[in-house]
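Single-structure report; data block below.
The values are calculated or read from the model by the stated rules, or taken from the named source; none is laboratory data. Bear in mind that the values here come from a model prediction, so they are computed numbers and not experimental data. Here the Cβ is made from the backbone with ideal geometry for all residues, glycine too, and neighbour counts use every protein chain on show.
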Amino acid sequence: MCDHHGAFPPRGSAHDVEEGARLTPAFDASGLVTCVATHADTGEVLMVAHMNAEALQKTIETGEGWFWSRSRQTLWRKGDTSGQVLRIIEMRVDCDQDAVWIRVRVGGDGGCCHTGRASCFYRVIETGAGARPDQQLQFVE
């Protein structure tokens, strides 16, 4: 795994990463960090996607959500075709800097999922007593 990606400084010690004030992302073996996007006003989880160094840099520089498509192997800006641009209200990095959380407001029709729903998380998996892995999912929107 490469510890240095483009515009981002090299990673330091675990203490520097966890307690320091520099962004030094821990990109995985595929060169990606995970990004969780939530609605800035409601807190609802909208989507989970991945960013390579270029997508993370563009997100920081533009204030809009940019991602790396693992299936298409290409950089993309959320909303380019749908109008559902993610405008970043706040961006945070987790303790070991291998994931980011963006609080966003969504442009266009306000939806975020390519299926036309507000969130990509629109089905419930029951858990606990009596729940089975082969269950039917429950739609919530």
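Does segment 5-22 hold any residues that are at pLDDT below 80 and either surrounded by 12 or more Cβ atoms within 10 Å (Cβ to Cβ) or within 14 Å of residue 95 (Cβ to Cβ) (or both), and which are they?
Result: 5, single match.
Report whether or not residue 22 is of a type in the set (D, E, K, R) and under 29 Å from residue 117 (Cα atoms).
no
Can you tell me which of 54, 90, 64 is under 16 Å from residue 105 (Cβ atoms) and surrounded by fewer than 16 Cβ atoms within 10 Å (Cβ to Cβ)?
On the way: 54 fails: under 16 Å from residue 105 (Cβ atoms); 64 fails: surrounded by fewer than 16 Cβ atoms within 10 Å (Cβ to Cβ).
Exactly one residue qualifies, and that residue is 90.
Those residues that are more than 16 Å from residue 103 (Cα to Cα) and either surrounded by 13 or more Cβ atoms within 10 Å (Cβ to Cβ) or in contact with a strand residue (DSSP E or B) (Cβ under 7 Å, 6 or more places away or on another chain) (or both), I need them from segment 67-76; list them, please.
68, 69, 70, 75, 76
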